[in-house]
Amino acid sequence: VPNEDIMNPEHVTSKYIVTEDLCMVVRKPDLLIETQLRGIRKLALHCSLKDIVPKNAAEGWKSEARTEFLRMINNKAVLMKVFREENGVLIVDLLKPAANKISSDMPVSLRDALVFLDLARFRIELPDQSERNIPLQYFPPVMPQENAEVLAVVSYINSPDDFYIQLLENGPEFAAFLSKVEEVYKNQRGASFEIICPVPGQPCVAKFDTDGIWYRAQVIGLLGHQEVEVKYVDFGNTATINVNRMRKIKDEFLALPAKAIRCKLAHIAPCKGTEEWSSKSKVRFEELIQDKCMLCFVEEMSEDGILSVELYDTMDTTKLSSVNNILVEENLASYMKSSTKMTTRLHNEVWDPALEEILKKGRDVLQPENKVLSEFEDLELDCNKELQVRINQVVSPNKIFVQFMSSEKILKSLQERMTATYSGSESETIQWTVDTKCAAYERDMNQWQRGQICKIVSEKVVEVFLFDLGVAKMVDTAYLRELKEDLKTLRPLSVECFLDDIRPAGGTEQWTATACDALAGYLNGALVTLIIQENNSFPLSVKILSKDGGMCTDISEYMIKEGLALRKGRPAETDSSTTSSSKLPEIPFEQKDSDINNLLTKTECAPVLSLPEKEVDPLQKVTESKEEEFKTPVSQPMTEAYKPPALPSSDTFTAIVSCVSEDGTIYVIPKSQEQQRRELMNDIQNNFKCLGLLKPYSWKTGEACVVRAADTMWYRGKVREVGIGIIKVQYLDYGYIEKIPQCHLYPTVLYADIPPFSIPCELSKVVPVGNVWQQDAVELLQELLAERLVEIQIMERLDNPWGNVSIELIFAGMSLSSFMAYHKHCVSEDDDASILKLGIADCSEYPLEENCDISHEELVLAEIETTVLPSYSSPPLPALEHLFPVEVTHVVSPNEIYIAIAHSDNASQHDNTEDRGTECNSKTLKEMLKYYNENTASLSFLTDFRTGMPCLAQYRGGLWHRAKVLSVKKFHPLLIVVKFVDYGSTGTVPTSRLRQIPLVLMQYPARAFRVLLAGFRPALSDPASERVPYCPEWTMDALWEFISLIEGKKLCASTVTYSPEHTVFLYEDGNLIHIRLVEMGLAELS
């Protein structure tokens, strides 16, 4: 066939055939075939990997590189990312599809893999790491709470400021877990577990050179020459290993959180005059803690997850010695200047006085005429006096919440009382309203806190201001309780203050978000020195000093030096003699009409309004009207930088679906606006020239930006969520949301007068299952609608121009609402809803049958609908320790089986059949199954394969048994995993062996139920013994012997416990069944 394209001979595969008759393998095409073939272009595309060249340019590509390239991609589905076209050649990268499991040996990026294997090199810089697939991660370690005491062993030591511990609370289980990892991987040599091209952050299993054992690890560096640096996540140490000593980690080993917890010794630092720990101090530290069980007292946890701890040697029975103090006493360390800990802390329990005693002590020092308690009854504050405080929350330089360290005992006693009052309490059904005082459970701190509701977010979520901490939190109403009256008398323990000697930079009266974030990052959670400038005003006018590296830093001077603030002149000083011994001003607690949401708003950055110049008694100030209680302005909501999407004038229009979000919102672009969108994109690419924002910038949710996407094009965007180094951004003109590195964003507004082209929509009059679109439903919507031309009919135009538009969407002449309702993903609010058939000429090129396995005609057939059935009922279980006859229906392992209660023929006829029809009362389940096995022609095929769907499934013997659907195993051909509920076994069957179950069979409870056998456990036998693949702690010999012990025997069982697992003893003729396994050495008594 003539071909106008010229092909490089090196790119052509030649095939040689030996034949005696050339006519048998060569034909001259006739005119018809020749005409048809001439109109078909070549199906093979000429491609080249982007920006890589041979390792040695002079020698070209070696055969080793070609062989490895073929091995990595041969017969595998890959994701081809096209960058551009050069001279008819596509410049691409071949990537691992996102749907592939971690066990797939396809590398994340093929060109990266060739470079890592030293078979190629990059022509330019390495690819952006953000474009790669993010590998799965380990769960973080389970951290102990602050002020908690735990037993631990030190697993790895770098210095007293950097070491790792393992908690001992799950020691035996963790040892068994490590043994299982070693057992699985010591004989794994298949290519399916090899890692070809590791990526930073990738979890794996790595062999440790010292003992040759496999441990869980994580890649933390790529060193080149097939060497990587890994960190052993359960111990904390790192090592440099060759890639051939790594294996892919199985999903089951990812579930257990990492065990190594990074710590440092609290309150101490290297000896004065040095910045590094001496080798002598490191050696002594190792001597004190190596191979010992330590009592670890957690002082605090930093923002980066490092615990500050005190360690005590539990081997010293006379006196628990603090390792921290021993190092100081031996002149190997020194106390930090900011630490008030200068004496050895003995591990003797000293209980704080009760909360009532603390309050009584404070009341004794008050004057009799003082009727209202102040913030801290026993604390007198002087101006220009240094006080130690902890910064709880920084909103802006004009709104800082602090807690005096002298009030820690009050706070601790209050928390103990809150815990005693509300721990274990049941959820209350209360109509929560704004300003209601409540007790809120703070899950991050695992504490109950006093609070006041400042905003109703939704029916189940409210925003609560925790006034003892000075922070606002989103709390589920299930974690709210009514605050007891006796807990309302104590004043809030957080105090609001502001920096009086600075003002915003840039000629504005409002603090910028950058200034607020910089101050919050510097101060939040820090212990600082506070100097009160004026104590007769609210909030308090203060100066804050922070100790950093032994130097005191004035926070105001720091803000001025960073260019985030300007100095402002001091007002004329007043006579301090009248205020030198004043009490701390009262923060009103009973704020019936005050708006706490205005008091603490995270986006508030405006300065506090000045107070009246006349002297005001702070206790009298509490009783003033609500207009004078606080001089805090209402925070301004963030205004939208762009206009809302423009809806077409007509209620019916054609559109292209640009995106379906994770919450099921459908974004469409009207067909009439498509040309305008293309022109806008061209203008943006031609006029906006920038490398991205390289300097640090404090992003805010809702801020407008320009996004440089993976295709190197710029798009208009809006910040949806701010993370660490990653920003979640929504593409305004398309709707979809993506995580983008900060360096690919630029804060600006482009073409503000042009509204976004994508219109957010939702289906009208449908209710998703569970009131939210489930993951499988969203995936179906994305598959059906992506880049599809559809017809939109607006059902309701909302007053909120940014809200979702209520629509009816028609694709391929069919209503999407009806389609989703048919597949049981939603319920229509209209009982008489019918499938609409709107004529759309432009949609005829996208027939429905190409996108789903069921045709339009089948959907409208009522007879294929599946009856909604209840779940199988559970069999009645005997009482504890009651002996009852059983039969074993299925064996999973020697100590995990399925059993059914063995009934006599007379008894079985009436089990669970009371109050039913005559036919059901007179027939057993066995007889009913026999009837339907003889009349299978009357059974309809199963068409609904939802998880848990009851059905009849044909077993290998040809008989039909009751079952339920577990999952879909394969789509081509369609194979379903089912569980036979009367036996406990599972099987994979095609749809031809599934039928809809008659309703009468649902009246019988499931016969088989799962139990664990008590009294024995696997023996520590020869590791070389053949193991049960799905339960490697048991040997195959033990499994076969157990089956022989129960097969054909009359057995009895007695229940030991129902929770957390149904556990029984199994007997034969009064003897425990597992004794034989113990005697044979296949099990041991537990």
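Applying the criterion of at least 1 residues that are of a type in the set (Lys, Arg) to the strands (runs of 3 or more DSSP E) found wholly in the range 442-546 leaves 447-456, 471-476, 480-482, 502-504.
Among the numbered conditions (1) of a type in the set (Asp, Glu); (2) within 24 Å of Glu299 (Cβ to Cβ); (3) crowded, with 19+ Cβ neighbours inside 10 Å, the only one that Glu442 does not meet is (3). Listed conditions (1) over 42 Å from the mean Cα position of the chain (by Cα); (2) under 27 Å from His903 (Cα atoms) are all met by Val1078, apart from (2). Summed over the range 1011-1050, the residues that are under 29 Å from Asn187 (Cβ atoms), surrounded by fewer than 18 Cβ atoms within 10 Å (Cβ to Cβ) and among the small types (Gly, Ala, Ser) give a count of 4. Considering (1) over 28 Å from the mean Cα position of the chain (by Cα); (2) closer than 20 Å to Phe116 by Cα; (3) modelled with pLDDT under 90, the lone condition that Thr240 does not fulfil carries the number (3). Select, from Ser302, Ser279, Ser308, the only residue that is within 38 Å of the chain's Cα centre (by Cα), modelled with pLDDT of 85 or more and loosely packed, with under 14 Cβ neighbours inside 10 Å. Sole residue among the options that is within 38 Å of the chain's Cα centre (by Cα), modelled with pLDDT of 85 or more and loosely packed, with under 14 Cβ neighbours inside 10 Å: Ser302. Could we say that Lys484 is touching a helix residue (DSSP H, G or I) at 6+ places or on another chain (Cβ under 6 Å) and more than 26 Å from Val389 (Cα to Cα) here? Spelling it out, it is not the case that Lys484 is touching a helix residue (DSSP H, G or I) at 6+ places or on another chain (Cβ under 6 Å) and more than 26 Å from Val389 (Cα to Cα).
Annotation: of all residues in the range 873-894 being at pLDDT below 90 and closer than 23 Å to Gly987 by Cβ, the one that is surrounded by the fewest Cβ atoms within 10 Å (Cβ to Cβ) is Ser874.
Within the range 1067-1078, residues that are free of Cβ contacts under 8 Å to residues at least 60 places away in the same chain and assigned by TED's automatic domain parsing to the domain that holds Phe1016 sit with their Cβ atoms under 9 Å from residues that are in a loop (DSSP other than H, G, I, E, B) and surrounded by fewer than 16 Cβ atoms within 10 Å (Cβ to Cβ), at 6+ positions apart or across chains, in these pairs: Glu1068/Lys1049; Glu1068/Lys1050; Asp1069/Lys1049; Asp1069/Lys1050.
Taking the criterion of being under 14 Å from Ser698 (Cα atoms) and touching a Phe, Trp or Tyr at 6+ places or on another chain (Cβ under 6 Å), the residues of the range 708-742 that qualify are Val719, Val722, Ile727.
Among the residues making up the range 23-74, those that are part of a helix (DSSP H, G or I), within 21 Å of Val89 (Cβ to Cβ) and of a type outside the set (Gly, Ala, Ser) are Arg66, Phe69, Leu70, Met72, Ile73. The residues of the range 1056-1070 that are under 20 Å from Ala879 (Cα atoms) and either at pLDDT 90 or above or of a type outside the set (Ser, Thr, Tyr) (or both), listed by number, are Val1056, Pro1060, Glu1061, His1062, Thr1063, Val1064, Phe1065, Leu1066, Tyr1067, Glu1068, Gly1070. Among the residues examined, Ala176 does not qualify as modelled with pLDDT of 85 or more and more than 27 Å from Ala120 (Cα to Cα). If you check Tyr734, Tyr715, which single one turns out to be part of a strand (DSSP E or B), among the aromatic types (Phe, Trp, Tyr) and at pLDDT 85 or above? Selected residue: Tyr715, the only one of Tyr734, Tyr715 that is part of a strand (DSSP E or B), among the aromatic types (Phe, Trp, Tyr) and at pLDDT 85 or above. A single member of Arg962, Arg946, Arg993, Arg916 is modelled with pLDDT under 80 and among the charged types (D, E, K, R), and it is Arg916.
Only residues that are surrounded by fewer than 15 Cβ atoms within 10 Å (Cβ to Cβ) and either hydroxyl-bearing (Ser, Thr, Tyr) or not in a strand (DSSP E or B) (or both): list them for the range 227-240, please. Residue satisfying the conditions is Thr240 alone.
Within the range 795-820, the set of residues being of a type in the set (A, V, I, L, M) and crowded, with 19+ Cβ neighbours inside 10 Å comprises Val805, Ile807, Leu809, Ile810, Ala812, Met814, Leu816, Met820. Within the range 748-775, the set of residues being over 26 Å from Gly702 (Cα atoms), of a type in the set (Gly, Ala, Ser) and surrounded by fewer than 18 Cβ atoms within 10 Å (Cβ to Cβ) comprises just one member, Gly770. Within the range 997-1010, the set of residues being crowded, with 20+ Cβ neighbours inside 10 Å and closer than 20 Å to Thr943 by Cα comprises just one member, Ile997.
Residue under question is Val778, and the condition is that it be at pLDDT below 85, surrounded by fewer than 21 Cβ atoms within 10 Å (Cβ to Cβ) and either touching a strand residue (DSSP E or B) at 6+ places or on another chain (Cβ under 8 Å) or closer than 20 Å to Arg678 by Cα (or both); does it hold? Against the criterion (at pLDDT below 85, surrounded by fewer than 21 Cβ atoms within 10 Å (Cβ to Cβ) and either touching a strand residue (DSSP E or B) at 6+ places or on another chain (Cβ under 8 Å) or closer than 20 Å to Arg678 by Cα (or both)), Val778 does not qualify. In the set Leu490, Leu566, Leu519, Leu499, only one residue is crowded, with 17+ Cβ neighbours inside 10 Å, farther than 14 Å from Val389 by Cα, assigned by TED's automatic domain parsing to the domain that holds Ile410 and modelled with pLDDT under 85; that residue is Leu490.
The set of residues from the range 737-756 being assigned to a loop (DSSP other than H, G, I, E, B) and either in contact with a Pro (Cβ under 7 Å, 6 or more places away or on another chain) or hydroxyl-bearing (Ser, Thr, Tyr) (or both) comprises Thr748, Tyr751, Pro755, Pro756. Within the range 475-485, identify whether any single residue is of a type in the set (Lys, Arg), without any contact (Cβ under 8 Å) to a residue 60 or more places away in the chain and crowded, with 18+ Cβ neighbours inside 10 Å, and answer yes or no. Looking for residues that are of a type in the set (Lys, Arg), without any contact (Cβ under 8 Å) to a residue 60 or more places away in the chain and crowded, with 18+ Cβ neighbours inside 10 Å, one finds at least one in the range 475-485, hence yes.
Are any residues in the range 410-427 in contact with a helix residue (DSSP H, G or I) (Cβ under 9 Å, 6 or more places away or on another chain) and loosely packed, with under 13 Cβ neighbours inside 10 Å, and if so, which ones? The one that is in contact with a helix residue (DSSP H, G or I) (Cβ under 9 Å, 6 or more places away or on another chain) and loosely packed, with under 13 Cβ neighbours inside 10 Å: Ser427. Of all positions in the range 384-396, at least one carries a residue that is modelled with pLDDT under 75 and either exposed (fewer than 13 other Cβ atoms within 10 Å of the Cβ) or within 21 Å of Ala148 (Cα to Cα) (or both).
The values are calculated or read from the model by the stated rules, or taken from the named source; none is laboratory data. All values derive from a computational prediction rather than experimental measurement. Counting neighbours? That spans all protein chains shown, and the Cβs are built from the backbone with ideal geometry, glycine included.
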